[in-house]
1. Anything in segment 340-374 that is surrounded by fewer than 17 Cβ atoms within 10 Å (Cβ to Cβ), within 29 Å of residue 396 (Cα to Cα) and of a type in the set (Asp, Glu)? List them, or say none.
2. Taking segment 328-376 on its own, how many of its residues are free of Cβ contacts under 8 Å to residues at least 40 places away in the same chain and on the phi < 0 side of the Ramachandran plot?
3. How do the strands (runs of 3 or more DSSP E) wholly within segment 7-71 filter down when requiring 3 or more residues that are buried (at least 24 other Cβ atoms within 10 Å of the Cβ) and either within 16 Å of the ligand (Cβ to nearest atom) or among the aliphatic types (A, V, I, L, M) (or both): which remain?
4. Looking at 323, 378, 398, 337 in this structure, which one is modelled with pLDDT of 95 or more, surrounded by 18 or more Cβ atoms within 10 Å (Cβ to Cβ) and over 21 Å from residue 249 (Cα atoms)?
5. Take the residues in segment 283-312 that are hydroxyl-bearing (Ser, Thr, Tyr) and away from the ligand (no atom under 11 Å from the Cβ), then tell me which one is farthest from residue 138 (Cα to Cα).
6. Being within 18 Å of residue 13 (Cβ to Cβ) and either under 11 Å from the mean Cα position of the chain (by Cα) or within 12 Å of the ligand (Cβ to nearest atom) (or both) is the filter here, so list the residues in segment 245-269 that pass it.
7. Could you tell me which residue of segment 231-244 is nearest to the ligand (Cβ to nearest atom), considering only residues that are in contact with a helix residue (DSSP H, G or I) (Cβ under 7 Å, 6 or more places away or on another chain) and part of a helix (DSSP H, G or I)?
8. Limited to segment 145-170, what total is found for residues that are part of a helix (DSSP H, G or I) and out of contact with any Lys or Arg (no Cβ under 9 Å at 6 or more places or on another chain)?
Amino acid sequence: MILAVIGLQYGDEGKGKIVDYFCNLFDIDYVVRFNGGPNAGHHVNTGDGEYTLHQVPTGIVSGKKSIIAEGCIVDLETLIKELEPFKISRDNLFVSKDAHLILPHHKVLDLDMELRRKAETNIKAHLGIKRRPIGSTGRGISPCYVDKSNRIGVSLGDLVNNKKVCIDRFKEKFYENLCLTEWGGGNIITWYGLSNLSDVVENFRALGEQIKDYVCDTSELLANVIGKKKSVLFEGAQGTMLDINKGTYPYVTSSQCTINGIPSSIGLPFTKIKLDCVIGVLKAYTTRVGEGPLPGEIGGELADKLREKGYEYGRTTQRPRRLAWFDAVMTKRAVELNSVTALALTKLDVLSETEYLNVIVDYRDKEGNKISPNASRLDEYSVNYECSNGWKEDISQLEEYDKLPEMCKKYIEKIEKYLGVKAKLISVGAERNQTISLYPYLVG
Ligand code: IMP
């Protein structure tokens, strides 16, 4: 079986928990991260322990073979630290030689760009240009992908080759990158300080030594694994609305977060990856961390209450997440873009004791006409809601769908009706066992 677990909103839908649940439910052989880098924060609570994973596939928690594919970017220092609690070997961890490296200056450039986006300059005021800070996680994601596209990136295979550390090639590529990177009107070398460069290279050599055994051609490995009919789970990072092509551009991340990203990011033709099912993960309400439009945004006491109850703080940056009502229109778009076959609805327990629940059911333009929204212009529209009563009962210990309060079931059915897909998993708490499984078979 080949399945994908994809976020249908703005990230933080609870993909980590769902991937972990499947790893324990099915005989999954390999779990693959195919996009992004340490901007992700996938949280797992097994009941015995809690883990937050940024780069390593969530499958590592349950001992599955874990692949970091070539479409990912890697921060070696944080990756090595993240691996510490796990028993890793050449047999269960595979990191692509073609994954690009986040270099120390990528983080500096990321933060610097964000500061410049916020700055009110004379030119901005004069030309009436809008401020567009993105609210980046500051992990160097965009500058790293920019360098890759600009053909001055440095890959893991430049540092480590055939299980050896080949520091000369790394040094050559790193210095070329430094020479071509501008910072503060000069060269990025001024940030490092010329005399420190050999220390930086030495630090990478040491990191390369620690990771070299796990670096390989993951594209070849996956071709083999899929050819042998092993079961593979593709673990999406971020969410559809943050996808570089289909999200709320420019308020997006720099990689493809939809299933369309899988073939190019793992280096195999789409004809070879026959997805048996695509699990769309969605929260029972909407959250967003960082800037950008958020239709149906909730403020005041209700937002504070939901934020505390659902612990809505970024796992990577600890920033408070913004909250909004469930958006049936954009989530339906995400269902279609990902050919979702089943839903995993998360954090339903957080909505208990909410007096009424709004759901966005249509978007209107300035003239009041119903429209199909353009994702990159969401801030130009108004929205209409369908409202229903909430429920009071605590549902976090329930194990059966039938025991859910009537209004809660009605809310689930409303979401299913709008999206045209059934919820097969309902999460009512952070722990692995706080999950209601609705159908015995996921496929079909
Ligand atoms: P970047 O990917 O760090 O450049 O951030 C771009 C935007 O995506 C910012 O608004 C981030 O807050 C958001 N973002 C990136 N990764 C995640 C994630 O894993 N969950 C939620 N938001 C994210």
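The values are calculated or read from the model by the stated rules, or taken from the named source; none is laboratory data. On a predicted model such as this, the values are computed, not experimentally measured, just so you know. Virtual Cβ from ideal backbone geometry, glycine too; neighbours counted across all protein chains shown.
1. Hits for segment 340-374 are 353, 355.
2. 13
3. Numbers: elements: 30-33, 42-45, 50-53, 65-68.
Qualifying strands (runs of 3 or more DSSP E): 30-33.
4. Numbers: 323 fails: over 21 Å from residue 249 (Cα atoms); 378 fails: over 21 Å from residue 249 (Cα atoms); 337 fails: over 21 Å from residue 249 (Cα atoms).
None of the other options fit; the residue is 398.
5. The initial filter retains those residues of segment 283-312 that are hydroxyl-bearing (Ser, Thr, Tyr), namely 285-287, 311.
Subsequent filtering for residues that are away from the ligand (no atom under 11 Å from the Cβ) retains 285-286, 311.
Values: 285: 26, 286: 23, 311: 21 Å.
Restricting to residues being hydroxyl-bearing (Ser, Thr, Tyr) and away from the ligand (no atom under 11 Å from the Cβ), the top hit is 285.
6. Of everything in segment 245-269, those that are within 18 Å of residue 13 (Cβ to Cβ) and either under 11 Å from the mean Cα position of the chain (by Cα) or within 12 Å of the ligand (Cβ to nearest atom) (or both) turn out to be 247, 248, 251, 252, 253, 255, 256, 257, 258.
7. Start the filter on segment 231-244 by keeping residues that are in contact with a helix residue (DSSP H, G or I) (Cβ under 7 Å, 6 or more places away or on another chain), which leaves 232-236, 240-241.
Narrowing further to those that are part of a helix (DSSP H, G or I): 240-241.
On the way: 240: 12, 241: 9 Å.
If we take residues in segment 231-244 being in contact with a helix residue (DSSP H, G or I) (Cβ under 7 Å, 6 or more places away or on another chain) and part of a helix (DSSP H, G or I), then 241 is nearest to the ligand (Cβ to nearest atom).
8. In the first step, residues of segment 145-170 are kept if they are part of a helix (DSSP H, G or I); the result is 145-149, 156-159, 167-170.
With the extra rule that they be out of contact with any Lys or Arg (no Cβ under 9 Å at 6 or more places or on another chain), the set shrinks to 145-149, 168-169.
Total meeting the criteria: 7.
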